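These notes concern the structure reproduced below.
Any read-out appearing in this document is the output of simple, stated calculations on the displayed coordinates, not a laboratory observation. Here the structure is a predicted model, which is why all the values come from computation and not from measurement. Cβ coordinates were reconstructed from backbone atoms using ideal geometry, including for glycine residues, and neighbour counts include every protein chain displayed.
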Amino acid sequence: MKEKKTDMIIGRNPVAEALKSGREMERILIQKGAGGSVGKILSLAKERGVILQYEEKEFLDRKAGGGRHQGVIAFVSAHEYAGVEDMLALAEKRGEPPFLIVLDELEDPHNLGAVMRTAECAGAHGVIISRRRAGGLTETVARTSAGAVEYLPCARVTNIPRTLEDLKKKGIWVYACDMDGETYWKQDLTGPVALVIGSEGRGISRLAREKCDFAVSIPMVGKITSLNASNAAAILMYEVRKQRDGK
Ligand SMILES: C[S@@+](CC[C@H](N)C(=O)[O-])C[C@H]1O[C@@H](n2cnc3c(N)ncnc32)[C@H](O)[C@@H]1O
């Protein structure tokens with residue numbers, strides 16, 4: 001029989017968001033005596049009939065590999081990745097031009113989590129990551145995203161340049177986010193857009209860059225040569241939001 005894959009979700013906020021999103025949940029470990037916002041998690045879990053298992057702090061520490069669990073750990077079915085088609089369908093359902101983020105082999109799970117969080121808040125329709133380098137939607141990503149992974153479609157693709165080519169064929173304008181580009185507020189980002197963000201060390205690969213229609217840049221006036229990838233992504237995603245909201 002095929003074994004069902006499970007993931008752990010650690011911490012109050014991510015577990016609460018997973019419960020609210022309706023994600024299939026096997027059980028939740030609760031630290032004995034934990035109070036405060038745990039009450040909300042308990043009522044959400046009871047509403048959904050999720051099994052609650054009360055344990056001592058040391059037990060949760062062992063499971064989480066440390067004390068960062070805030071008294072709550074959930075076991076959920078492994079994350080299912082979306083396809084680019086699901087993102088386009090979501091855009092259509094919302095009656096909006098597609099708004100996608102493509103991460104060209106970002107490596108730091110904290111950056112991926114932060115991008116997922118901002119993308120969800122800014123109303124993007126999905127984040128596309130590379131199967132080759134990115135570690136996927138791990139527990140660290142889920143926690144850093146503050147639960148955004150529960151709501152925002154994420155697709156894993158084997159070849160980013162080919163994916164960019166496919167997006168262009170679907171009428172989406174592909175923007176390389178790069179230090180060497182046109183100042184971002186001078187660009188019209190109101191149409192169907194995919195923002196490509198490069199990796200922490202290498203930036204956007206040459207092959208991916210060649211597939212981009214435009215390059216957008218956030219002006220750099222200090223001595224440091226680039227912004228953190230998730231910060232750059234956040235600025236550009238909110239420029240799309242601002243332009244789309246007509247402000
Ligand atoms: C840490 S930077 C990569 C730096 C890398 N050493 C390079 O030279 O490309 C990670 C990514 O964040 C985005 N980024 C950082 N600063 C940016 C800026 N000023 N304008 C546009 N995108 C930027 C780009 O997508 C970049 O590839």
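Got a sec to turn the phi values of the stretch 110-122 into Karplus ³J(HN,Hα) couplings, 6.51 cos²θ - 1.76 cosθ + 1.60 with θ = phi - 60°, whole Hz, x for Gly and Pro?
Those phi angles translate into 5, 5, 4, x, 5, 5, 4, 5, 5, 4, 5, 5, 7 Hz.
Using the beta-carbon distance between residue 48 and residue 96 and R0 = 22 Å, what value does 1/(1 + (r/R0)^6) give for FRET efficiency, to the nearest 0.05?
0.10
Which residue, 71, 147, 198, has the most motion in a Gaussian network model of the chain that connects Cα atoms within less than 10 Å?
71
Output the relative contact order of the stretch 84-246, whole-number percent, from Cα pairs under 8 angstrom with separation of 6+ residues.
Relative CO of the stretch 84-246 lands at 27 percent.
May I ask you to list the trypsin sites (Lys or Arg not before Pro) in the stretch 1-94 that are in a DSSP loop and have at most 16 other Cβ atoms within 10 Å of their Cβ?
2, 4, 5, 32, 68
Would you mind checking which residues have amide H under 5 Å from residue 106's amide H? H placed 1.01 Å from N; only 5 or more apart, or other chain.
Hits under the 5 Å cutoff: 130.
Taking every DSSP beta bridge with both residues inside the stretch 9-76, roughly what % is antiparallel (nearest 5)?
If we restrict to bridges inside the stretch 9-76, about 60 percent are antiparallel.
Quick check for me: using +1 on Lys/Arg Cβ and -1 on Asp/Glu Cβ, what's the dipole size of the chain about its Cα centre, in debye to the nearest 20?
340 debye
Select from 120, 210, 139 the residue whose mean-square fluctuation is largest in a Gaussian network model of the chain (Cα-Cα springs shorter than 10 Å).
210
Which distance in nm do the two modelled labels at residue 165 and residue 77 give, with both placed 7 Å along the Cα-to-Cβ direction?
Roughly 3.5 nm, to one decimal.
Relative to the longest principal axis of the C-alpha atoms of the chain, give the angle of the C-alpha long axis of helix 229-244, reported between 0 and 90° and rounded to the nearest 10°.
The two axes meet at around 70 degrees.
Please compute the modelled spin-label separation between residue 24 and residue 190, points set 7 Å along Cα→Cβ, answer in nm with one decimal.
4.4 nm
Measure up 20/170; 186/223; 169/223; 93/169; 20/168 against 27 Å on the Cα-Cα distance and list the ones that go over.
The pairs that break the limit, which is 27 Å between Cα atoms, are 20/170; 169/223; 20/168.
Non-local amide H neighbours of residue 27 (under 5 Å, H modeled in plane, Pro and chain starts lacking H): which ones?
75
I need the peptides 214-226, 150-162 ranked by packing, meaning the mean over residues of other C-beta atoms within 10 angstrom, with the highest value on top.
150-162, 214-226
Share of antiparallel DSSP beta bridges in the chain, in percent to the nearest 5?
30 percent
What is the spin-label model distance, in nm, from residue 63 to residue 140 if the labels are put 7 Å beyond Cα along the C-beta direction?
About 2.1 nm separates the two model spin labels.
Run the helix sum for the chain: -39,500 (n - 2.57) per DSSP H stretch of 4+ residues, divided by residue count, reported at 222 nm to the nearest 500 deg cm²/dmol.
-11000 deg cm²/dmol
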